[in-house]
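Here's the structure we're looking at; comments come further down.
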Amino acid sequence: MKRKHKTYSKPKRPFDKARIDEEAEIKEEFGLKNKREIWKAEAKIKSIREKAKKLISAKPEEQKILFDKLNKIGIKVDSISSILALTKKDYLKRRLQTIVVNKKLASTSKQARQLIVHRKVLINEKVVSIPSYVVPTDLENKIISEIQKNRKISRNKLADILEISSDTVKEYLDRLKEKRILERVGKTSAGYWEIKE
């Protein structure tokens, strides 16, 4: 059996008041169970930054692979400098628990965690019971791709093509509209989608 290694390291100065206060605020803001979740996010960002540093002198094609990977999980970057400027909060914002609250599917972070661990949340038609799950944006990109092909495409048609429910499509369309990436022009069957960016 493989031995599991820690995915984080504890702070070197355990009694640093400034850090303790900052971690308490983050724990409250994101509804985290314990400070280990902050340390894990910190370790993940540190790992991403280290990869970016190694690519400073690399070809643009190699850099783009890392940019695309981060963009797929909703961390918007387009340069090495933007990756180096990332913080643990940027990573925590992509957690399922945070997104459930932001989508107003739960009124508090505590309620969002409860919904998730009780297996009440679906991602791409599959139950996800891990609050720290990092939500990908692949489906958003697929929806935009289909709309580019046919700006008059209906929600039900999108559901058929992507093999997901109409309700899931609606959720993603609403998210894209909130981000001001998509806008529906006209409310009848003669209406169409306008891509803003």
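Note on segment 1-154: dipole from Cβ charges, positive end direction compared against Leu84, Trp39, Ile73; the farthest Cα belongs to Trp39.
If I stretch the segment between Arg49 and Arg184 completely, what's the gain in nm (0.36 nm per residue apart, minus their alpha carbon distance), one decimal?
Numbers: separation 135, 0.36 × 135 = 48.60 nm, distance 3.80 nm.
Full extension of this stretch gives 44.8 nm more.
Full extension of the chain between Lys157 and Asn34 gives 40.0 nm of extra length, using 0.36 nm per residue less the Cα-Cα distance.
Where in segment 32-70 does the amide nitrogen come within less than 15 Å of the point 7 Å from the Cα of Asn141, taken along Cα to Cβ? Those under the cut-off are 62-70.
Each residue of segment 92-106 was assigned a 3J(HN,Hα) from its phi angle through the Karplus expression (A = 6.51, B = -1.76, C = 1.60, θ = phi - 60°), giving 5, 5, 8, 5, 4, 4, 5, 5, 4, 5, 4, 7, 6, 7, 9 Hz with x at Gly and Pro.
Among 139-146, 96-103, how do they line up from the highest to the lowest mean number of other beta-carbon atoms within 10 Å? Walk me through the numbers before you get to the answer.
Numbers: 139-146: 16.2, 96-103: 19.8.
So the order, starting with the most tightly packed, is 96-103, 139-146.
Which of rounded, prolate or oblate describes segment 14-92 when judged by the alpha-carbon gyration tensor and an a/c cut-off of 1.5?
Numbers: a/c = 3.16, a/b = 2.17, b/c = 1.45.
Taking the square roots of the gyration eigenvalues as a ≥ b ≥ c, segment 14-92 is prolate.
Positive end of the dipole of the chain (Cβ unit charges, origin at the Cα centre): among Gln148, Leu162, Ser57, the Cα lying farthest that way belongs to Ser57.
Relative to the Cα centre, what is the charge dipole magnitude of the chain, using +1 at the beta carbon of each Lys and Arg, -1 at the beta carbon of each Asp and Glu, and rounding to the nearest 20 debye?
Values: 51 positive and 28 negative charges, 171 e Å.
In total the dipole reaches around 820 debye.
Once the Cα atoms of helix 17-30 and of the chain are each reduced to a long axis, what angle between those two axes, in degrees from 0 to 90 to the nearest 10, is obtained? The helix 17-30 is inclined about 20 degrees to the chain.
Per-peptide packing, taken as the mean over residues of other Cβ atoms within 10 Å, places 112-121, 46-55 in the sequence 112-121, 46-55 from highest down. Calculated on the alpha-carbon coordinates, the convex hull of segment 95-134 measures out at 55 cubic angstrom per residue.
For the chain, the relative contact order is 13 percent, taking Cα pairs closer than 8 Å that sit 6 or more residues apart in sequence and dividing their mean separation by the residue count.
Relative to the longest principal axis of the Cα atoms of the chain, the long axis of helix 60-72 lies at roughly 80 degrees.
Report, to the nearest 10°, how far helix 138-149 tilts away from the longest principal axis of the Cα atoms in the chain, using its own Cα long axis and a range of 0 to 90°. The helix 138-149 is inclined about 30 degrees to the chain.
Please rank Arg151, Arg175, fewest neighbouring Cβ atoms within 10 Å first, as an exposure proxy. Mind showing how you got there, number by number?
Numbers: Arg151 13, Arg175 18.
Ranked by crowding around the Cβ, least crowded first: Arg151, Arg175.
How would segment 70-197 be classified by its alpha-carbon gyration tensor: rounded, prolate or oblate, with rounded meaning a/c under 1.5 and the a/b versus b/c comparison settling the rest? It comes out oblate by the Cα gyration axes.
Throughout, read-outs are computed from the coordinates displayed, never taken from laboratory work. Note that this is a predicted model, so its numbers are computed, not measured. FYI the Cβ positions are ideal-geometry reconstructions off the backbone, even for glycines, and counts take in every protein chain you see.
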